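A.B. asks: Quick one: the structure is below, questions incoming.
The values are calculated or read from the model by the stated rules, or taken from the named source; none is laboratory data. Computed from a prediction, not measured in an experiment: that's the story for all the values here. Glycine gets a Cβ as well: all are built from the backbone with ideal geometry, and neighbour counts include every protein chain shown. Note: accessible area is taken over every heavy atom of the protein model, side chains too, but ligands, DNA and RNA are not part of it. Shrake-Rupley method; radii C 1.70, N 1.55, O 1.52, S 1.80 Å.
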Amino acid sequence: MTSDHRAARDIAVVAFAQTGHRRSTEESSEVEMLMPVLHEVLDRTGLKTADIGFTCSGSSDYLAGRAFSFTLALDGVGAWPPISESHVEMDGAWALYEAWTKLLTGEADTALVYSYGKCSPGSVRDVLTRQLDPYYVAPLWPDAVALAALQAQALIDAGHTDEPALAAVGARSRADASANPHAQLKGRIPQGDYVVRPLRTGDCPPIGDGAAAVVLAAGERARELCERPAWIRGIDHRIEAHALGVRDLTDSPSARLAAQRAGAFERPVDTAELHAPFSSQEVVLRKALRLGDDVRVNPSGGALAANPVMAAGLLRIGEAAAAVHRGESDRALAHATSGPCLQQNLVAVLEGDPR
């Protein structure tokens, strides 16, 4: 959105909740996994389901293995009496974008956004191949780790990083996650063997199940619901060319453009929550988003500590907003991605009221 659109109406994240992310929740259905999170995020604001003006969710039928699986998750929300509801077959960060635009129109003052992913039942590496070009790339069956390894090797060949530097990214992320009670991996995790060279186990995200939810509110309603709202000063998303062969995998022009359009470069940020499932992708994003060493990157541990597919991007926005709520950040950048090698990128800038 341009600056004119950003000024149309003040909208903020007023509450955030998430599951404890685990390797498997086979004993629970998606609804059973979601309900505690939805109850928690509403309890933080004192709102009831009937008070929510718009509800939007993000998930993937491919993970669930059945069509229209998101309709079952509505049981956790409470869809009767009928509610204003929508769904995106994307990470929940894009559901938040839809809810944000809905609130901009003035048709609602509050919105509930949630997303979830159960990665444990199947092979995520194989499921994610369905995002690839169906004619030229998908028949070759390159999985998500193999494609990320191509990107990592391109970075190494260009002199932008090396294997010890990548290992340091993973070690820092999981050390920071020690303070995050929801993280799946934390503390000193061995770098491990090669998964696909040059990426080792420590360079790759854990496979696990989890969910996240946020509440948005507009104007004075946000101040009524939250002591220090995280105002969304700008949000934008862009996409790279679909064909990997025409892209420079060592750069992310779409992330840079999204950040520019969201106003991220107008003033420095103090915190950045980056959706970088692989250590090499943090290298690309730091450069594209112009993040200096003075910016705290992924203090929550990021996607290297917990990566529930379809919720990890919304988690980045939620964690950035929570840092604003707690007074630990005054201006934060949140990033979400989808597709191979950072193909699609969303950037949001969140600010707290001056102290």
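A.B. asks: So Met35 ticks every box in (1) surrounded by fewer than 22 Cβ atoms within 10 Å (Cβ to Cβ); (2) within 26 Å of Cys119 (Cα to Cα); (3) at pLDDT below 90; (4) among the aliphatic types (A, V, I, L, M) but one. Which box is left unticked?
C.D. replies: (3)
A.B. asks: Let me ask another. Could you please tell me which pairs satisfy a Cβ distance under 6 Å, a separation of 6+ or placement on different chains, a first residue in the range 138-153 that is without any contact (Cβ under 8 Å) to a residue 24 or more places away in the chain, and a second residue that is of a type in the set (Lys, Arg) and open to solvent by less than 10 Å² (accessible area, probe 1.4 Å)?
C.D. replies: none
A.B. asks: Mind counting the residues in the range 147-171 that are in contact with a helix residue (DSSP H, G or I) (Cβ under 9 Å, 6 or more places away or on another chain), in a helix (DSSP H, G or I) and either more than 21 Å from Ala241 (Cβ to Cβ) or modelled with pLDDT under 95 (or both)?
C.D. replies: 9
A.B. asks: Right, another one. Of the residues in the range 201-241, how many are touching a His at 6+ places or on another chain (Cβ under 8 Å) and basic (Lys, Arg)?
C.D. replies: The qualifying residues number 1.
A.B. asks: Which residues, taken from the range 179-234, are out of contact with any helix residue (DSSP H, G or I) (no Cβ under 7 Å at 6 or more places or on another chain), among the acidic types (Asp, Glu) and either part of a helix (DSSP H, G or I) or under 30 Å from Gln151 (Cβ atoms) (or both)?
C.D. replies: Scanning the range 179-234 gives Glu220, Glu224.
A.B. asks: Counting just the residues of the range 85-104 that are at pLDDT 95 or above and of a type outside the set (A, V, I, L, M), which one comes out farthest from Ala218 (Cα to Cα)?
C.D. replies: Looking at residues that are at pLDDT 95 or above and of a type outside the set (A, V, I, L, M), I get Asp91.
A.B. asks: Which residues, taken from the range 235-264, are free of Cβ contacts under 8 Å to residues at least 40 places away in the same chain and in a helix (DSSP H, G or I)?
C.D. replies: Gly245, Val246, Pro253, Arg256, Leu257, Gln260
A.B. asks: Which of (1) closer than 19 Å to Gly339 by Cα; (2) open to solvent by less than 70 Å² (accessible area, probe 1.4 Å) is the odd one out, the single condition Trp231 does not satisfy?
C.D. replies: Here Trp231 clears every test but (1).
A.B. asks: With the structure loaded, tell me whether Val295 is open to solvent by 10 Å² or more (accessible area, probe 1.4 Å) and touching a helix residue (DSSP H, G or I) at 6+ places or on another chain (Cβ under 8 Å) or whether it fails that test.
C.D. replies: On the way: open to solvent by 10 Å² or more (accessible area, probe 1.4 Å): yes; touching a helix residue (DSSP H, G or I) at 6+ places or on another chain (Cβ under 8 Å): no.
Judged against the criteria, Val295 is not a match.
A.B. asks: Is there any pair linking a residue in the range 186-210 that is over 30 Å from Phe16 (Cα atoms) to one that is among the hydroxyl-bearing types (Ser, Thr, Tyr), with Cβ under 8 Å and at least six apart or on different chains, and which?
C.D. replies: Final answer for the pair search is Pro190/Thr201; Gln191/Thr201; Gly192/Thr201; Asp193/Thr201; Val195/Thr201; Leu199/Ser279; Leu199/Ser280; Arg200/Tyr194.
A.B. asks: Among the residues of the range 245-264, write down those that are touching a helix residue (DSSP H, G or I) at 6+ places or on another chain (Cβ under 7 Å) and either open to solvent by 10 Å² or more (accessible area, probe 1.4 Å) or among the basic types (Lys, Arg) (or both).
C.D. replies: Leu249, Thr250, Asp251, Arg256
A.B. asks: Tell me yes or no: at least one residue of the range 248-263 is under 22 Å from His160 (Cα atoms) and more than 22 Å from the chain's Cα centre (by Cα).
C.D. replies: Taking every residue of the range 248-263 in turn, at least one turns out to be under 22 Å from His160 (Cα atoms) and more than 22 Å from the chain's Cα centre (by Cα).
A.B. asks: From Asp209, Asp203, which residue is at pLDDT below 95, open to solvent by less than 60 Å² (accessible area, probe 1.4 Å) and among the acidic types (Asp, Glu)? Spell out the reasoning first.
C.D. replies: Working: Asp203 fails: at pLDDT below 95.
It is Asp209.
A.B. asks: Here's something else I'd like to know. Quick check, is Arg267 part of a loop (DSSP other than H, G, I, E, B) and either buried (at least 16 other Cβ atoms within 10 Å of the Cβ) or out of contact with any Pro (no Cβ under 7 Å at 6 or more places or on another chain) (or both)? Walk me through how you get there before you give the answer.
C.D. replies: Working: part of a loop (DSSP other than H, G, I, E, B): yes; either buried (at least 16 other Cβ atoms within 10 Å of the Cβ) or out of contact with any Pro (no Cβ under 7 Å at 6 or more places or on another chain) (or both): yes.
Yes; evaluated as a whole, the condition is true for this residue.
A.B. asks: Checking the structure you have, find out if any residue of the range 321-332 is assigned to a helix (DSSP H, G or I) and farther than 26 Å from Glu266 by Cα. Reasoning before the result, please.
C.D. replies: Applying the first criterion (assigned to a helix (DSSP H, G or I)) to the range 321-332 yields 321-325.
Remaining after also requiring farther than 26 Å from Glu266 by Cα: none.
The answer is no, given that none of the residues of the range 321-332 is assigned to a helix (DSSP H, G or I) and farther than 26 Å from Glu266 by Cα.
A.B. asks: So which helices (runs of 4 or more DSSP H) are wholly in the range 1-73 and hold at least 2 residues that are on the phi > 0 side of the Ramachandran plot, touching a Phe, Trp or Tyr at 6+ places or on another chain (Cβ under 8 Å) and free of Cβ contacts under 8 Å to residues at least 24 places away in the same chain? Give the steps one after another, and end with the answer.
C.D. replies: Details: elements: 3-6, 30-45, 61-64.
Answer list for the range 1-73: none.
A.B. asks: Test each condition in (1) outside any strand (DSSP E or B); (2) open to solvent by less than 20 Å² (accessible area, probe 1.4 Å); (3) not charged (D, E, K, R) for Val309 and report the one that comes out false.
C.D. replies: Of everything listed in (1) outside any strand (DSSP E or B); (2) open to solvent by less than 20 Å² (accessible area, probe 1.4 Å); (3) not charged (D, E, K, R), Val309 misses just condition (2).
A.B. asks: Which of the residues spanning the range 108-137 are part of a loop (DSSP other than H, G, I, E, B), touching a residue at least 24 places away in the same chain (Cβ under 8 Å) and closer than 25 Å to Gly92 by Cα?
C.D. replies: Residues of the range 108-137 part of a loop (DSSP other than H, G, I, E, B): 108-109, 119-123, 132-137.
Imposing the further condition that a residue be touching a residue at least 24 places away in the same chain (Cβ under 8 Å) reduces the set to 108-109, 119-122, 132-133, 136-137.
Those that are part of a loop (DSSP other than H, G, I, E, B), touching a residue at least 24 places away in the same chain (Cβ under 8 Å) and closer than 25 Å to Gly92 by Cα: Ala108, Asp109, Cys119, Ser120, Pro121, Gly122, Leu132, Asp133.
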